Every structure is written in structure tokens, then in C-alpha cells.
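Let me begin by presenting the structure, written as C-alpha cells, before commenting on it.
No lab work stands behind these numbers, since they all come straight from the coordinates. Since the structure is predicted, the reported quantities are computational estimates derived from the model, not experimental observations. Note: ideal-geometry Cβ built from the backbone for every residue, glycine included; neighbour counts use all protein chains shown.
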Amino acid sequence: MNVGNIKANPDGRLAENILYFARTLRAAGMKLGPSAVVDCVRAVEQGGISDRDDFYWTLHCVLVTRKEDRQVFDQAFKLFWRSRELVEKMLQMFSPMMADDKPREKPDAAEARVSQALFPEESKQQEFERPEIEVDASFTASAREVLREKDFAQMSAAELAMARQAMSKMRLPVAEVVTRRFKSVNRVARIDPRKMLAKSMRTGGDLVLPQFREQKRKEPPVVILADISGSMSQYSRTFLHFFHALSENRRHVHTFLFGTRLTNVTRQLRNKDIDVALQECADAVEDWSGGTRIAETLHEFNRLWSRRVLGQGAIVLMITDGLERSEDLELAHEMDRLHRSCRRLIWLNPLLRFDGFRAAAKGIRTMLPHVDEFRPVHSLDALSGLCSALGGSYQSKYDPSNWMRSDILAA
Amino acid sequence: MPTIPASIDATEELLASEGYVADRSFATVLYLALKMGRPLFLEGEAGVGKTEIAKVLSSALDRPLVRLQCYEGLDVSSAVYEWNYAAQMVEIRQREAGGVGAGDSVFDERFLIKRPLLKALEGKPGKSPILLIDELDRTDEAFEAFLLEILSDFQVTIPELGTIKAEEPPIVIITTNRTREIHDALKRRCLYHWVDYPDAERELEIIHSKVPGCEESLSREIVAYVQRLRQVDLFKNPGVAETLDWASALIELDKVAIDPETVSDTIGVLLKYQDDIAKIESAEGQDILKEVKLELASA
């Protein structure tokens, strides 16, 4: 890269440091090409910068191209242009005021990514902690309402990169549906008589050129119902990460979390920055790792939300272990209602990965007849596990009736 | 004739002279965009003054404004140029009737219908137009790719005529509402700025400059209330445009202060979603007004 020929700074130090700064940002996951650095130096060179703020906004307008990168940039700017004495001296012409760092309770979003990019060795030790698991609560169901708050570890740049890769490979079971509407296309397909006629009018009908159309395809909406009760709490970080990635990739994704109550976190997950999204989810939900009331929350969903979000042939992804204690009849009724209002109901059960899983639990037996697919998920600790479980089309091994056969139940 | 500002301060003054209240960060970006001849890429919620900036620049710098409103299915023939087929046909018939041979081609500039992008390339030096590409996120990606050529070289190729290149590139302003992500290749060629909701002080200034008839105490209340609303978890936060509409509405109703009744009568000016309105009309919403009043009284 040729930044040496920028003449404004004969010693070239500022240019060099901007280069290092850009590299820091790149390591923190921002997409920056070499030309961005050249532009950046040019912009600084245009002059007119009178203080640190101007310098900040000059770099900002060239290096940041997405809203969600603003956090990363802000953190990196504070850390980078503070921690290095050499730079500080050189920046004296930009009135080097120290950014005042107030003590804060929660780390700012994206801080983990930036500090990892700046100090790779140090951050290796503080691998993200998983949310604590209460062993005695796992794999038991209770309708007890416990209101808890949750704090998720921040995502590292490596995790995000892996997630993106996994998501790009994944195909949802019903990825696209053909609609009855047509759209015009520029290649040879079905003849579009109406457009041909309209277009020929321009030439007074002398020239009639063929125009084409084809049937529109669209992605059906995806509605996610995920269990966040105690028995599922160890997976919730992975879930939310997956839902966030899914909401980013597709247009209509609605996400609901349930334990003892139902929470719609669709809007929280629309935040482009994953850390902010997780934090907002954590704030919105009041019943983390509590008990489960599947029937009641499903009832609430069916009553309040199903008409609003299950239109246009939605697919429902249900993620729960199905350990539930409420009345069979009610649960069966609500499951049935849900099943009848969507195109496809897919149940993802983390219990299924254990060998010798039997659909013996009462809740599972009640729900099974009402789902279209019953899929296992091998490792829920990583997002790739979820992607591989949900990807791909229907196979007969997902047929829920496999698990309902009497010999399996008896064994 | 007004020229392009020579410093960030001058840019701020220029905007202020047209009644556009901008913060320092925005003035910096705008200054750099004008100075470096780069397109300015503005993102932000609806109603924060993205489109307005193009109009302000056009009148401040005394240059024509060429606006390209994007929509799904926008194609080259409605964005760049189109041949006037009917006129061409008439010309050919006339030539036939007059016994004149084929002679000159009918692919002449006389038969070219110029659309916004082509018009924007016609600027004379020092007088090049402001090209506003509004709501770019509404077009499809194919059109975005087409824009790349225009935005990097400021030229258009018409097969029958050749390449048309701008004598002086236009000042380009692109706005999006983020209904989808714009490709990096396009963003890379621009200077990016996220237009945020203004803070209370700046919003007050905006009301002063845009709704001059609004009394000081009323505008303070309006700003405090709207700022407070933006902190509530709403489906769509009220933008600056809504604040201004509300201020004018309250003046029309001869109000000098906000009271719960006024709020519930005029809330439709600020909030446009039924869920949001229901939320504000509940007890929680009533508390907001009380708190705002208390705050103002204590300040």
C-alpha cells in the first residue's frame, strides 16, 4: 500500500499511525480496504481540523460505513489514541485531551472485540464465561415463576466470523415458496403479454418485442418460539446468537422467548450489533432460567400473536425440551391450534441427542403428534450445531411418528 | 455567487444561514465531502433531516437540485435516459415523405429524453448541480451496481452516442432508511454519516429557526416531551419532522402549554402506530408528562 507519497506530513508518522489504527479496526471485525486508509490520510490532510473531535469525525466518516460499527470505532478510538504515548505527542496539534473514562458497571458493547484486536495476548486468558448453570434445576420442569436477570458474555470477533460462515452455509427447510404473482425478468422465460403490449405502444405499435415474466418466489416468515427455562438456560446464549444471525439474513423473522411468560424479542434482536441485541434481550425478559409453562405461554401466543405473525405461510421453529407439567389436554389443544395455523411446525429438541431417548415424558408425548418434524440437535454449544440441525430438507428420520411407535415407548 | 466553504466553521455558518441546525460532526463530514468531491452517504431514521440537507445546500450554494427518488423496479430508462421513440418515428416518416435519404441518424441528442442522473452530469464548472439520490435502499441491487460507474467516474455510456462525462462532477447526496443493507462497494466510494436524533439543545434551536411563532416556554416543553418519548420503547420514535409538525399544530390550536388533554388530542401528529399511541395514552404515558413538567419546573 502506498501511503508514503502523502506529502502533508513529511515524517509520515500520522499516516503510519492511521494505518495502524485501521489495522486495529480490521482486526476488530470491521471491513476496511487499503483505499480507506489512503482516503483517511487525504481527509486529514484537507485540513480544517481544529480539535480532537474534528479528528474523530474525520476518521469516522471515512472508516465507518455501517451504523453498527460506530460502537467499535468509538471504543477503538478511545483505546488507540490514548494508549500510545508517541501518538499522543504527535496529536498535540489536535489538542490531545484525554477521553474521560467514567467508571461503568457494564462493559460497552463491542468492547470485547476491540480490546481483543488491540491486545491479543491478554484477552486470551479471559475467555468468555458461559452463563452459570444451576445444576439442580437442569432437566427438571417446574411451573414456579422465578424472575431472574441475565448477563451474557460479549461476542468475540472469532465467534462472529464463525457464525457468519455457518449461517452462509445453512438452508432452512422451507427456504422459498413460489407465489402466484409474476415479476418481469430480463431473460427468456414465460411471455408477458401485457408488458409486450404496453411497451409496443411507445413505438406506436410498429415494434413488438418479446417481454418475459416468471413466478415470484419469496421467503416465508419464520417464527421462533424458544424455551429459556432453567433446563434450557445453558443454551440460551447460542440460541440468541443464532436468532440474531437469522434476523439479519432474512426479512421476516419473529422471535419469542418463553419460560413462565411470553416475551417478544423481535425488535431487540433487530439491533445490528450482537452485543447490544443480547443486552436488550436480557433486559426485556424477566423470567430467565425459571420454570416452564408451555401450555399457558402457547395459549398467550395463539391468542395475541398468531394472527399477526403467522400469516403468509409462516414456518414455526420451536426449541424446547418439552419437559412440562401442565394439564395434557390444554397443552394438546394449544399445540394443535399452533400446528393448524402455520405452514410447518418444526420442533428442535436438545434432549434427542442422548442415546436411548424415549418420548416418555408426558409433555413430549402430548406435543409430538402435533409437529411436522422432530429434529435432534447434536451440539447446542455452538451455532454450527443449530445450523446443521435446522438446515436441509425433510428426511424421514425427522418424522415424529418414529418416536410414537409403541415398541419404542415400551422399550 | 456562493462558493464551497473553506473550513468546518464556514460550513457550519453556511448551514446556519439557511436555518439548518447541524452539529459539529455533521459539519465536518459535509465539509470533507464538498472538499474531496465525494458523495455523502446519509443514513438515519425517517424524519431526521436527511433529504432536507440537499435542499438546504441547493439554496445555500445557489445550485440546481436534481432529485432521483428511488423505488423498487427503478430502471435505467427512468433514471438515466430514454430515446423518444415517437419523435424518432415521426422524423423518419417525414424524411421519407420529403424524399430526404436516411442521412443523419435519428440517434441524436434532440431525441434523447434526459432523466435525473444524466441531467446531473450537465453542470457547468462552478455551477454543477446537487444530485439527491433519495432512499436508495428501495431500489434493487442491480441498480445499485449501475450507480457505481456514475459515482466513481461521473460518466454515462450511451451506446448510440458515446460516453457523456461531467465537466464538473455534481455534489452527490445519498440517503437511505436502512430497510436493507447497501453494498460495501458503493459505500466505500462515499463518506458515511449516521444522522441521529438531535439532543435537546439542538432540537430547541431547530424549533426556533423553523417555527418562529412558537413561544419559548412552549418549545421547551415540546422538546422535553419529545426527547422523553424517544427514551420510551416505541415502535417508531418521533423524528424532528414530527416535532416541528407538533409545534405548528399546537400553535394553530392556540396552546401555550402542554396538558394531558392536548397531548391525547394531538398525539397522532407525533406517533403513527396504534400500539405506540395506546402505550402513551395509558397510565405510563400520563406519568411521562408529569415528569417532564416537574423537570422543567425544577430547572
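Summary of computed values
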read-out	value
Loop-resident sites, region B:1-107, for chymotrypsin sites (Phe, Trp or Tyr not before Pro), counting at most 15 other Cβ within 10 Å (DSSP)	B:TYR71, B:PHE107
10 Å Cβ neighbours from other chains, averaged over peptide A:52-62	6
Estimated distance in nm for a label pair at A:ALA198 and B:GLN274, the labels positioned 7 Å out from Cα along Cα-to-Cβ	3.2 nm
At most 15 other Cβ within 10 Å, DSSP loop - GluC sites (Glu not before Pro), region B:26-111	B:GLU72
Region B:163-216: GluC sites (Glu not before Pro) in DSSP loop, at most 16 other beta carbons within 10 Å	B:GLU167, B:GLU181, B:GLU215
Distance violations [Cα-Cα > 32 Å] among A:LYS272/B:LYS114; A:LYS67/B:LYS124; A:LYS78/A:LYS218; B:LYS55/B:LYS114	A:LYS272/B:LYS114; A:LYS67/B:LYS124; A:LYS78/A:LYS218
Percent of Cα-Cα distances greater than 18 Å, calculated over region B:151-201	54 percent
Inter-label distance, nm, simple model (7 Å from Cα along the C-beta direction), A:GLU16/A:ARG261	5.9 nm
Label-point separation in nm, B:PHE235 to B:ALA46, each point 7 Å along Cα→Cβ	1.2 nm
Equivalent-ellipsoid semi-axes of region B:125-184, from the Cα gyration tensor, Å, largest first	23, 16, 8
Degrees separating the helix B:200-210 axis from the principal Cα axis of chain B, which is the longest one	60 degrees
Normalised convex hull volume, region A:201-260, alpha-carbon set, Å³ per residue	115 Å³
Near-label residues of region B:59-96 by backbone N, under 20 Å of a point 7 Å along Cα→Cβ of B:GLU168	B:59-67
Neighbouring partner chain Cβ atoms per residue of B:182-193, average, 10 Å criterion	4
Extension gain from A:VAL208 to A:ARG308, taking 0.36 nm per residue of separation minus the Cα-Cα distance	31.5 nm
Whole-number D in µm²/s for chain B (Stokes-Einstein; Kirkwood sum over Cα pairs; 20 °C, 1.002 mPa s)	97 µm²/s
Relative frequency of Cα-Cα separations exceeding 22 Å in region A:212-352, percent	37 percent
Cβ-derived FRET efficiency at R0 35 Å, A:PHE182 paired with A:VAL276, nearest 0.05	0.30
Per-pair calculated FRET efficiency, R0 = 41 Å: A:ALA360 and A:ARG250 via Cβ, rounded to 0.05	0.70
Percentage, to the nearest whole number, of Cα pairs in region B:197-273 over 22 Å apart	13 percent
Gained length - B:ALA86 relative to B:ARG228, 0.36 nm times residue gap less alpha-carbon distance	45.3 nm
For A:ASP39, net neighbour charge (Lys/Arg +1, Asp/Glu -1) across residues whose Cβ lies under 10 Å away	+4
q = 0.10, 0.14, 0.18 Å⁻¹, region B:1-100: log10 I(q)/I(0) [Debye, one scatterer per Cα]	-0.46, -0.67, -0.92
Ranked by how many other beta carbons lie within 10 Å on average, peptides A:282-292, A:226-236 from highest	A:226-236, A:282-292
Residue-averaged [θ]222 nm for chain B, counting only DSSP H segments that reach four residues, each worth -39500 (n - 2.57)	-15000 deg cm²/dmol
